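Novice: Structure below; questions to follow.
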Amino acid sequence: MEKENHIELLLNSTNTDKELLSIAKKVLNNERINTSEGLVLYQKGKLAFLGMLANYVREKKNGDYVYFNRNFHIEPTNICVFDCKFCSYSRLLKQKEDGWEMSEEQILNIVRSYDGKPVTEVHIVGGVHPKMGLMYFANLIKKIKEIRPDIHVKAFTAVELEYMCRKAKVSYEEGLRILKEHGQDSLPGGGAEIFDETLRAQICDDKATTAQWLEIHETAHKLGMPSNATMLYGHVENFEHRVDHMNRLRELQDKTGGFNTFIPLKFRNKDNQMSHIAEVSVIEDLRNYAIARIFMDNFNHIKAYWPMIGRTTAQLSLSFGVDDIDGTIDDSTKIYTMAGSEEQSPKLSTQELVELIKQVGKHPIERDTLYNVITDYKDFSFSNEKEAAYSNR
Ligand code: V47
Ligand code: SF4
């Protein structure tokens, strides 16, 4: 209560605009804001105001916790039948010489290389390769689980799944059921881009539609497979498109409750067909995180993907609604490095990640994919040898 009064005082003392003030009051009263109010936040909300309100919501939901996990990524191929204009990573079949295509054995060897290491999740996504079909991936997951039965397999965007199911001539439900039976646990949030159909046709017209993306996630949730959701922002969209995107996700979350986290993804402009579009500023990134936290009231977590925005902005984002900074990402993620992300070799030890979080006065928590607490690092000391060895993994 004391905190709420404090916020109200601050709101009043800064000559806050009347519309913003009424939105803030709603948020403080735990009322949902509507899409027009979401738009007002984008149009008029200054960084400090949005940060204060988002931090209020964040602390109510997650206190001062900052979650991360120990994961590794596998990108089986960057050969892709689609041609998204923002993508710096995919190679069409005709440019195969620039692409890569891992063999099953190479993929399984990556999994084997984590033997004995305390990773809890493998994140598998890549280009949409016409020869890697549903049963190929189902059997691959089965083999991964034979090597590492304890690992959580978060795999395949709705875009990859739509293509796999279409080629295999099965419904989304059937396809997802097969993958689940072979060991897939959840879905990542990629492929959502921006849901507005007109814009989607401009930037990624040949892949899964908005309706298909939403249907695949809804079906996964129905089958007990949770998922994440993303939004690609900072390109040709305007504020209304962002609010519309978040609103469609909020509506689906009301229906299923199956989303774990929302991940805004900043458009990076290196080496793609949209390179002429300037990237938005860090201030806009922080405003966007904050508005996402305020608007997405039924999402428990907002994630900043640090390899993409860099560690300093990731640290800042923790005061603007974000409570999750993904993982140690001991991997070779190329989708962002090829698009010009801040981090050209995204790798942080657990100790480094914990220090980043502590530097901004927050409380580091290692989680599993479903946000169960694995280790509380608040008073954890990396001083003894065993712990130091553990931290470098
Ligand atoms: O859908 C592609 C994005 C996504 C660019 O679920 C780009 O935990 C910016 O979704 N600039 C795939 N973004 C990655 C993804 C993801 C990442 C981390 C964690 C999770 C999770 C999911 O990457 C694509 C697309 O929106 N992307 N190119 C670019 N130039
Ligand atoms: Fe293919 Fe994904 Fe790149 Fe689109 S974003 S071209 S679907 S790899």
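Novice: What are the ³J(HN,Hα) couplings of the range 127-137, residue after residue, when phi is run through the Karplus curve with 6.51, -1.76, 1.60 and θ = phi - 60°? Round to Hz, x for glycine and proline.
Specialist: Using θ = phi - 60°, the values come out as x, 9, 8, x, 9, 9, x, 3, 6, 4, 6 Hz.
Novice: Treat each spin label as a single point 7 Å out from the Cα along the C-beta direction, and report the I283 to D379 distance in nm.
Specialist: 4.3
Novice: To continue, here is another question. Where the only charges are on Cβ atoms (+1 Lys, Arg; -1 Asp, Glu), what is the dipole of the range 181-269 about its Cα centre, to the nearest 20 debye?
Specialist: That gives the range 181-269 a dipole magnitude of about 280 debye.
Novice: Using 7 Å Cα-to-Cβ label points, what is the R112/E146 separation (nm, one decimal)?
Specialist: About 1.2 nm, to one decimal.
Novice: If you don't mind, another one. Could you identify which residue out of T230, T312, T219 has the top mean-square fluctuation in a GNM of the chain using Cα springs shorter than 10 Å?
Specialist: For the chain, modelled as a Gaussian network with Cα springs under 10 Å, the answer is T312.
Novice: Check which residues have an amide H placed less than 5 Å from G327's amide H, if you skip close sequence neighbours.
Specialist: Answer set, sorted by chain and number: N69.
Novice: If you build a Gaussian network model of the chain, linking Cα atoms that sit under 10 Å apart, which residue out of H276, H129, H73 swings the most?
Specialist: Comparing H276, H129, H73 in the GNM, the peak value goes to H276.
Novice: Looking only at K303, K270, K26, which one moves most when the chain is put into a Gaussian network model with springs between Cα atoms under 10 Å?
Specialist: K26
Novice: Mind checking the dipole of the chain: about its Cα centre, +1 per Lys or Arg Cβ, -1 per Asp or Glu Cβ, Debye to the nearest 20?
Specialist: In total the dipole reaches around 200 debye.
Novice: Between D271 and E31, what length in nm is gained on full extension when 0.36 nm per residue of separation is reduced by their alpha carbon distance?
Specialist: 82.1 nm
Novice: So what's the back-of-envelope 222 nm ellipticity for the chain, counting only DSSP H runs of four-plus at -39500 (n - 2.57) apiece and dividing by all residues, rounded to 500?
Specialist: -13500 deg cm²/dmol
Novice: Cα axis of helix 35-44 to longest principal axis of the chain: angle in degrees, 0 to 90, nearest 10?
Specialist: 70
Novice: Can you list, by residue number, the Cys in the chain that have no neighbouring cysteine C-beta under 4.7 Å?
Specialist: C80, C165
Novice: Considering only L348, A158, V40, whose Cα is most displaced toward the positive end of the charge dipole of the chain, charges sitting on Cβ of Lys, Arg (+1) and Asp, Glu (-1)?
Specialist: The listed residue farthest towards the positive side: A158.
Novice: Arrange the following residues from fewest to most other Cβ atoms within 10 Å of their Cβ: S349, S317.
Specialist: The fewest-first ordering by Cβ neighbours comes to S349, S317.
Novice: If you don't mind, there's one more thing I want to ask. Hey, got the dipole for the range 40-114? About the Cα centre, +1 on K and R Cβ, -1 on D and E Cβ, debye to the nearest 20?
Specialist: Roughly 600 debye for the range 40-114.
Novice: Over the Cα atoms, compute the radius of gyration (one decimal) and Dmax (the largest Cα-Cα distance, rounded to a whole number) for the chain, in Å.
Specialist: Computed over the Cα atoms of the chain, radius of gyration and Dmax are 20.7, 63 Å.
Novice: Can you list which of the trypsin sites (Lys or Arg not before Pro) found in the range 129-160 are DSSP loop residues with at most 15 other C-beta atoms within 10 Å?
Specialist: Hits after loop and neighbour filter: K131.
Novice: Taking the beta-carbon count within 10 Å as an exposure proxy, list F382, F320, F267 from fewest neighbours to most.
Specialist: In increasing order of surrounding Cβ atoms, one gets F382, F267, F320.
Novice: Ok, one more. Checking the a/c ratio against 1.5 first, then a/b against b/c, what shape does the Cα gyration tensor give for the range 125-260?
Specialist: Judged from the Cα gyration tensor, the range 125-260 comes out prolate (a/c at least 1.5, a/b above b/c).
Novice: I want to verify the translational diffusion coefficient of the range 44-147 in µm²/s; compute it with Stokes-Einstein, Rh as the Kirkwood radius over Cα pairs, at 10 °C and 1.306 mPa s.
Specialist: Approximately 93 µm²/s, per Stokes-Einstein.
Novice: Still on this structure, please answer the following. Taking amide H positions as placed in the peptide plane 1.01 Å from N, state which residues far from G127 in sequence (5 or more) or on other chains have amide H under 5 Å from it.
Specialist: T77, N78, I79
Novice: Additional query: Report the semi-axes of the equivalent ellipsoid for the range 182-274 in whole Å, largest first, where each axis is √(5λ) for an eigenvalue λ of the Cα gyration tensor.
Specialist: Its equivalent ellipsoid spans semi-axes of 23, 14, 12 Å.
Novice: Between their Cα atoms, which of K117/K378; K143/K167; K143/K207; K61/K255; K60/K358 are more than 24 Å away from each other?
Specialist: With Cα atoms farther than 24 Å apart: K143/K207.
Novice: Sorted from fewest to most neighbouring beta carbons within 10 Å, what does the list Y289, Y377, Y136, Y305 look like?
Specialist: Going from least to most buried by this count: Y136, Y377, Y305, Y289.
Novice: Where in the range 205-231 is the amide nitrogen less than 12 Å from a point lying 7 Å along the Cα-to-Cβ axis of L370?
Specialist: Residues 224-227 qualify, since their backbone N sits under 12 Å from the label point.
Novice: OK, next. Which peptide among 45-58, 170-183 comes first, and what is the full order, when sorted by highest mean count of other Cβ atoms within 10 Å?
Specialist: Highest-to-lowest ranking by the protection proxy: 45-58, 170-183.
Novice: Near I194, within a Cβ-to-Cβ distance under 9 Å, what is the net charge of the other residues, with Lys and Arg +1 and Asp and Glu -1?
Specialist: Within the 9 Å Cβ shell, the charges total -2.
Each value in this text was obtained by applying a stated rule to the coordinates, not by laboratory testing. Nothing here was measured: the structure is a model prediction, and the numbers come from that model. Neighbour counts are summed over all protein chains in view; Cβ atoms, including those assigned to glycine, are modelled from backbone coordinates with ideal geometry.
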